[in-house]
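Just so it is clear, none of the values below were taken in a lab; they were calculated from the coordinates. Because the structure is a prediction, the values reported are computed rather than measured. In this analysis, Cβ positions are derived from the backbone assuming ideal geometry, glycine residues included, and neighbour counts consider all displayed protein chains.
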Amino acid sequence: MHEFSIAQQIVDVVFRTAQENEAQLIERVVVVIGELTLLSEEQVRFWLQEFFSHKPISREACVEIIVQPALIRCSHCGFEGAPPCPGPEAHFLLPILACPRCGQSGVTIKEGRECLVKKITVKK
């Protein structure tokens with residue numbers, strides 16, 4: 001249930017940013033979650049909405065979550081693209097990334113590990 005703690009951290013960033021910018025109302029929050037974080041988009045959304053619903057400044061906030069697809073680069077054959085799609089068990093086990101072209105494990109993750117607040121829209 002790491003989605004709960006991730007959502008708490010996101011909410012802390014949003015509230016701190018709103019306060020620093022003297023916002024009266026938080027209207028929209030856009031969050032980017034990388035595919036390789038193995039976070040459940042639905043659970044993160046649920047917890048964000050739950051936390052926001054308890055504060056007047058954020059009660060009506062629209063939460064948008066963008067899932068960033070994974071992108072890898074193979075140091076052996078130069079392949080750059082999506083890794084093989086892990087099955088549902090990947091949520092419970094750490095997936096092993098290998099190049100889909102040559103099968104080697106010497107890959108660099110270029111995208112898909114991020115979890116960040118991309119945009120906060122407020123009313124002053």
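Considering segment 1-35 alone, what residues qualify as being of a type in the set (A, V, I, L, M, F, W, C) and out of contact with any Leu (no Cβ under 8 Å at 6 or more places or on another chain)?
1, 4, 13, 14, 15, 18, 23, 25, 26, 30, listed by residue number.
Go through segment 27-73 residue by residue and tally those that are among the small types (Gly, Ala, Ser) and under 30 Å from residue 103 (Cβ atoms). If you could, list the steps in order and put the result at the bottom.
From segment 27-73, those among the small types (Gly, Ala, Ser) are 34, 40, 53, 58, 61, 70; that's our starting set.
Cutting the leftovers down to under 30 Å from residue 103 (Cβ atoms) gives us 34, 40, 70.
Residues meeting the conditions: 3.
Scan segment 34-48 for residues that are among the polar types (S, T, N, Q) and over 14 Å from residue 114 (Cα atoms) and jot them down. First the steps, then the outcome.
We begin by selecting, within segment 34-48, every residue among the polar types (S, T, N, Q); these are 37, 40, 43.
Matches in segment 34-48: 43 only.
Six or more apart or on different chains, Cβ atoms under 6 Å: show the pairs whose first residue is in segment 53-73 and under 20 Å from residue 115 (Cα atoms) and whose second is among the aromatic types (Phe, Trp, Tyr).
61/52
When you go through (1) over 19 Å from residue 118 (Cα atoms); (2) within 16 Å of the chain's Cα centre (by Cα) one by one for residue 24, which number turns out not to apply?
(2)
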